[in-house]
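Here is the structure we will look at.
The values are calculated or read from the model by the stated rules, or taken from the named source; none is laboratory data. As the structure is a computational prediction, the values presented were derived from the model and not from experiment. Backbone-built Cβ (ideal geometry, glycine too); neighbour counts: all protein chains shown.
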Amino acid sequence: MTETITPHIGIIGGSGFYSLLDDPSYLEIDTPFGRPSAPIAIGTFSGVPVAFVPRHGVNHEFPPHAINYRANMWALKEVGVMWVIAPCASGSLQSDVRIGDFVVCDQYVDRTSGRSDTFFDGPDVVHVSGADPYSPRLREALIESCRALDIRVHERGTVVVIQGPRFSTRAESKWFTQMGWEVINMTAYPEVHLAREQGLAYANICLVTDYDVGLEGSPDITPVTLDEIAATFTRNNVQMRAVLADVVPKLPRTPDPHAANALEGARI
């Protein structure tokens, strides 16, 4: 690329989603929290400046618990991003959330441990509200695109985020299902909260690849395997790209008030 462009949209690619842009340039960025998962790719997508980072690294070298989430989000903010779309592979916890469905989450439950999940380690003490973690405007844009493209989408949902890299036990999965949570994932937290601390509008779109450990009472539905996840995600990458291609041109070059005002009243 011969000229510098400022991307106002960032996309974080998950499992099976390691590249997006045509003819990108790459920025090596050092942050106060170390290096991001990969150099930030900057180019155009659907005619719009976009920054892209593969969450797990270009060769999937970072397992979920070892991703430098803070560096990824800091780097996106540094290059000018205001809106972050984060596709991620997820398992279903409910029979009506089928393999191949998309879920645009409105809530999460954090079951991770030991992850660096704030930019405010002191002495600046900041308590950011987590009540409504995802950008309503960005969520609605994703939902509308799924509808327009005739993709089966769940317009609300709670993702329970486990530490990984192991999958759930049957007892854990049964508990999550009984709680009424829709999908399970290993990376949706702390990304969303770190974006909020940075004033970035954030929404994930969960692509359902499996039924976690299976479904009680359905012996034909077997526990998840990595091969199953990869195969489903590969089949549905075309749909994911179509959604992104529809949403990206519709996002403004101005901040989302829901995100930009996240720190108001949060400092002690």
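Pull out all pairs, ordered by first then second residue, where Cβ-Cβ is under 8 Å, the residues are six or more apart or on different chains, the first lies in region 56-81 and is hydroxyl-bearing (Ser, Thr, Tyr), and the second is modelled with pLDDT of 95 or more. Between residues of region 56-81 that are hydroxyl-bearing (Ser, Thr, Tyr) and residues that are modelled with pLDDT of 95 or more, the close pairs are 69/115; 69/116; 69/117; 69/190; 69/191; 69/194. Pairs linking a residue in region 35-47 that is without any contact (Cβ under 8 Å) to a residue 60 or more places away in the chain and within 10 Å of residue 20 (Cβ to Cβ) to a residue that is of a type outside the set (Val, Ile, Thr) and surrounded by fewer than 17 Cβ atoms within 10 Å (Cβ to Cβ), with Cβ atoms under 9 Å and 6 or more positions apart or on different chains, are 41/19; 41/25; 41/26; 41/27; 43/1; 43/22; 43/23; 43/25.
Residue pairs whose Cβ atoms lie under 7 Å apart, sitting 6 or more positions apart in sequence or on different chains, and linking a residue in region 235-246 that is under 17 Å from residue 83 (Cβ atoms) to a partner that is in a helix (DSSP H, G or I), are 243/142; 243/145; 243/146; 246/145; 246/148.
Does residue 140 satisfy the condition of being over 16 Å from the mean Cα position of the chain (by Cα) and acidic (Asp, Glu)? No.
Residue count for region 95-113 under the criterion of being at positive phi and at pLDDT 95 or above: the result is 0.
Within region 152-196, the set of residues being touching a residue at least 40 places away in the same chain (Cβ under 8 Å) and among the aromatic types (Phe, Trp, Tyr) comprises 167, 176, 181, 189.
Residue check: residue 96 meets all listed conditions (1) over 28 Å from residue 174 (Cα atoms); (2) surrounded by fewer than 16 Cβ atoms within 10 Å (Cβ to Cβ) but one, namely (1).
Among residues that are over 14 Å from the mean Cα position of the chain (by Cα), modelled with pLDDT of 95 or more, of a type in the set (Gly, Ala, Ser) and surrounded by fewer than 19 Cβ atoms within 10 Å (Cβ to Cβ), residue 145 is not included. Of 217, 199, all but one fail to be at pLDDT 95 or above and over 21 Å from residue 102 (Cα atoms); the exception is 199. Restricting the search to strands (runs of 3 or more DSSP E) fully inside region 84-197 and requiring at least 1 residues that are among the aromatic types (Phe, Trp, Tyr) gives 107-111.
Take residue 236 and decide whether it is modelled with pLDDT under 80 and either within 17 Å of the chain's Cα centre (by Cα) or within 19 Å of residue 52 (Cβ to Cβ) (or both). For residue 236, the condition - modelled with pLDDT under 80 and either within 17 Å of the chain's Cα centre (by Cα) or within 19 Å of residue 52 (Cβ to Cβ) (or both) - is met.
Matching residues to (1) surrounded by fewer than 23 Cβ atoms within 10 Å (Cβ to Cβ); (2) of a type in the set (D, E, K, R); (3) closer than 15 Å to residue 248 by Cβ:
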site	(1), (2), (3)
40	no, no, no
45	yes, no, yes
72	no, no, no
76	no, no, yes
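Residues of region 1-57 being of a type in the set (Val, Ile, Thr), at pLDDT 90 or above and either farther than 18 Å from residue 82 by Cα or assigned to a loop (DSSP other than H, G, I, E, B) (or both), which ones? Matches in region 1-57: 6, 29.
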